[in-house]
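All remarks here apply to the structure that follows.
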Amino acid sequence: MAEQFNVALTADFYDENGNTQYKDIGIALFELHPKIQVTQFDEHRPEIGSDQIGSSQGIIVLTPAVTRSTLQQAENLLAIGRFGVGYDSVDIEACTDADVVAFITSGAVNHSVAEATVGWMLALSHHVLIKNRLVRTGGWDDRSNYMGTELRDRCFGTIGLGGIARKTIEILRGFGMKSFLAYDPYIDASTFQDSDIQLVDLKTLMESADFVSIHCPLTDDTKNLITSTELGWMKKNAYLLNTARGGIINEDDLYDCLKSQGIAGAAIDCLENEPITEPHRLGEFDNVLLAPHCIAWTDEIFRDIGACVCQGMIDLSRGELPQGILNPEVAEKESFQEKWKRLQLI
């Protein structure tokens, strides 16, 4: 057992003066545990270097990738904690091979992403961006050309039915939406209990929903899940939203669909090649809302994510597994158990 447990945060949590860029990222929890020492990386890199691990037992990661190369010198590293729920930037197999637990902050983002999704649905269906421009450009008399539609009596379709999607549906019930459809091949339809959510195949969802919202991870199975074929199934008055990950929607096909007015509009928070440092072509359209992968970023979501990921590190230091583990099989490995016993606090 160890006398100290070291947790490092990636440099993108901090500004150039070494101060945290965000109001609350949970690290105050560590103040209750004096044997846990908190440090920060000296520089930001797109991929964490093996030389950056140092003496860390845990690393809290905002945006950098974790690869097999990262973990070349992970003899004393117990855990990678992703600050969020996306994990396509973390090589899970490499973590397991290196006897490193990888975990996400399951549940911590549900409310904020759901609220942002509903906000975007309202903005799209009420033409908020266009109506704002009418006033700013003197186009007042054109307002009758942009009649909106309400959420009530409409159909919501979610691709993926995890915590975020379920929270979104919970909020939407208050708007009087007519029906809820979900496509999720990992859910057993025979045991599904939510009476007002209907599990359907992807084609049925795309054809029927007035709003198609993506709430699934980016994996080999979901890469380019939405192409010209799936977009062609959508109603012309339907909207597409993505608050999950870029790459799930084929952006070339989406651009062509919007150009030909194949759907009513889209709201896209996640793009295939991030960061975007030049004006994006989807910005050509007045019926498209864009955000730099932060539409759900609020003080509250960072507070909740931070509390979750920091508690996970505290749990590990005390010999308890954190929630949200992506590679639970690592805990069964004798080599991991020996490492964990050696590095957890006395």
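All of the numbers you see were taken from the coordinates with simple rules; none came from a lab. Given the structure is predicted, the values throughout are model-derived calculations rather than measurements. Every residue, glycine as well, gets a Cβ built from its backbone with ideal geometry; the counts of neighbours run over all protein chains shown.
What value does the stretch 1-118 have for Rg/Rh, both radii from Cα atoms and Rh as Kirkwood defines it?
0.97
Straight-line reach from Lys259: which lysines have Cα under 17 Å away, leaving out those fewer than 8 places along the same chain?
Lys235, Lys236
For the peptides 259-266, 58-65, 189-196, what is the packing order when you average, over each peptide's residues, the other Cβ atoms within 10 Å and list the highest mean first?
58-65, 259-266, 189-196
In the chain, which whole DSSP H runs stretch at least 24 Å along their own axis (Cα) and average -0.5 or higher on the Kyte-Doolittle scale?
The answer, listed by residue number, is 299-317.
Glu47's amide H: which non-local residues (gap 5+, or another chain) put their own amide H closer than 5 Å, with H modeled 1.01 Å from N in plane and none for Pro or chain starts?
Ala65
Using r as the Cβ-Cβ distance of Ala291 and Arg133, and R0 as 22 Å, what FRET efficiency do you calculate, to the nearest 0.05?
0.80
How do the peptides 211-221, 290-300 rank, highest first, by the average count of neighbouring beta carbon atoms within 10 Å per residue?
211-221, 290-300
How big is D, in µm² s⁻¹, for the stretch 110-290 by Stokes-Einstein at 4 °C and 1.567 mPa s if Rh is the Kirkwood radius over C-alpha pairs?
Value of D from the Cα-based Kirkwood radius: 77 µm²/s.
Using a Förster distance of 25 angstrom, determine the FRET efficiency expected from the C-beta separation of Glu338 and Asp220, and round it to 0.05.
0.15
For the chain, what is the percent of antiparallel DSSP beta bridges, rounded to the nearest 5?
5
May I ask you to sort Asp210, Asp15 by Cβ crowding, counting other Cβ atoms within 10 Å and putting the fewest first?
Listing Asp210, Asp15 from fewest to most nearby Cβ atoms yields Asp15, Asp210.
Long-range amide H contacts for Ile263: which residues qualify at under 5 Å (H placed 1.01 Å from N, peptide plane, sequence gap of 5 or more or a different chain)?
Sorted by chain and number, the residues that satisfy this come to none at all.
Cut-off under 22 Å on the C-alpha distance; same-chain residues fewer than 8 positions from Lys341 excluded. Which lysines are left, in chain and number order?
Those lysines meeting the cut-off are Lys35, Lys333.
Would you please state the base-10 log of I(q)/I(0) at q = 0.06, 0.10 1/Å for the chain, with intensities from the Debye formula using one equal scatterer on every alpha carbon?
Rounded to two decimals, the profile gives -0.25, -0.67.
Would you kindly derive the ³J(HN,Hα) couplings of the stretch 96-105 from the backbone phi angles with the Karplus curve 6.51 cos²θ - 1.76 cosθ + 1.60 (θ = phi - 60°), listing them in order in whole Hz, with x for Gly and Pro?
4, 4, 8, 6, 10, 6, 10, 9, 10, 9
Which log10 I(q)/I(0) values does the stretch 214-275 give at q = 0.14 Å⁻¹ under the Debye formula, counting every alpha carbon as one identical point scatterer?
The computed values of log10 I(q)/I(0) come out as -0.34.
Asn6's amide H: which non-local residues (gap 5+, or another chain) put their own amide H closer than 5 Å, with H modeled 1.01 Å from N in plane and none for Pro or chain starts?
So Asn6 has HN proximity to Gln37, Gln57, Gly58.
Any idea what the relative contact order of the chain is, in percent, if you count C-alpha pairs under 8 Å spaced at least 6 apart?
It rounds to 22 percent for the chain.
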